[in-house]
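The values are calculated or read from the model by the stated rules, or taken from the named source; none is laboratory data. Because the structure is predicted, anything quoted here is derived from the model rather than measured. Every residue, glycine among them, receives a Cβ derived from its backbone with ideal geometry; neighbour counts consider all protein chains shown.
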């Protein structure tokens, strides 16, 4: 079963290119052109395995807001932020272990590597929570 990515990018050509790259790599992709649209998708669907979102968005919800909504529903699932504006980095703040940041422009391979790394890290975190290490005898 393929992983489902919620892709949030307001630039249509960039969104199309990213979606095609993700689909070619075996992901299922649901696209949103605004943060508001993404937040609505999050309210109506539980199927997303990870979020790939631009930070700066038109409308009332930006990528930070989308990530906050995503983490409320899926606390341990990964978020990969994208931005081409260095001044937006301060809005992100400190990233959690299930988050990463890509600075635009980036290549397809760089994006896919970052996503796979986040998915592996997320799987490890979930496995550790489910199966804590047994106590060692003293």
Those residues of the stretch 1-16 which are under 27 Å from residue 123 (Cβ atoms) and either in contact (Cβ under 8 Å) with a residue 24 or more places away in the chain or surrounded by 18 or more Cβ atoms within 10 Å (Cβ to Cβ) (or both) amount to 2, 3, 4, 5, 6, 7, 8, 9, 15
Pairs returned, first residue in the stretch 96-113 that is modelled with pLDDT of 90 or more, second residue that is part of a loop (DSSP other than H, G, I, E, B) and surrounded by 14 or more Cβ atoms within 10 Å (Cβ to Cβ), beta-carbon separation under 6 angstrom, 6 or more apart or interchain, are 104/84; 112/25
Only one of (1) at positive phi; (2) surrounded by 14 or more Cβ atoms within 10 Å (Cβ to Cβ) does not apply to residue 26, and that is (2)
Kindly check whether there is at least one residue in the stretch 48-61 that is more than 12 Å from the chain's Cα centre (by Cα) and assigned to a helix (DSSP H, G or I). no
Exception for residue 25 within (1) over 18 Å from residue 118 (Cβ atoms); (2) in contact with a helix residue (DSSP H, G or I) (Cβ under 7 Å, 6 or more places away or on another chain); (3) touching a residue at least 40 places away in the same chain (Cβ under 8 Å) falls at (1)
Residue count, the stretch 1-47, condition touching a strand residue (DSSP E or B) at 6+ places or on another chain (Cβ under 6 Å) and part of a loop (DSSP other than H, G, I, E, B), comes to 4
